[in-house]
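The values are calculated or read from the model by the stated rules, or taken from the named source; none is laboratory data. These numbers were taken from a predicted model, which means no experiment stands behind them. Using ideal geometry, Cβ is built from the backbone for each residue, glycine included, and neighbour counts are taken over all protein chains shown.
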Amino acid sequence: MIPLAPRHQIIVDLLGEGPRTIRELAVACGYEEGALGGRNYVSVVLGRLASRGYGFHNYTPVGAHRGAYYVLMTRPREAPLDAALPCAACGAHLARDHREWHPADRYCSPCQRGRLDAELEMLAPPTLFPVSVAS
């Protein structure tokens, strides 16, 4: 598994210990108490960690005034990234960074772009309007 960035690891470690508010996580990452940038940063990091296989749950206890608490529910399964994965369409080996950010995507960038173009053409085919020429 690819190691996490230091502040990402801080968030995972704290949530592994127990429920934390987004403010607590932001302060642990070095932001000032109540800083909007800190809450935004933690929100973005939680989304990125979720895309890497971490599962989170948030809840608000009855009568709580500090906001929602986040809890780490699942961690990603260990998968060897050294194994060369081929593109499902052309057989080219996928780049390591491609496999990190798109674990379910088994297509290289050119093939993926071609698939998206074909899907877009099927959903919204280009239409040519009749042209009338004034005589």
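Starting from residues that are touching a residue at least 12 places away in the same chain (Cβ under 8 Å) and loosely packed, with under 13 Cβ neighbours inside 10 Å, keep the ones in segment 1-19 and report whichever is farthest from Ala50 (Cα to Cα).
Gly18
List the helices (runs of 4 or more DSSP H) that sit entirely inside segment 16-114 and contain at least 3 residues that are modelled with pLDDT of 85 or more and of a type in the set (Gly, Ala, Ser). If you could, list the steps in order and put the result at the bottom.
On the way: elements: 22-28, 36-51, 96-101.
Helices (runs of 4 or more DSSP H) meeting the threshold: 36-51.
In segment 20-79, which residue that is acidic (Asp, Glu) and surrounded by fewer than 12 Cβ atoms within 10 Å (Cβ to Cβ) is nearest to the chain's Cα centre (by Cα)? Walk me through how you get there before you give the answer.
If we filter segment 20-79 for residues that are acidic (Asp, Glu), which is where we start, we get 24, 32-33, 78.
Still in the list and also surrounded by fewer than 12 Cβ atoms within 10 Å (Cβ to Cβ): 32-33, 78.
On the way: Glu32: 25, Glu33: 26, Glu78: 18 Å.
Out of the qualifying residues, it is Glu78.
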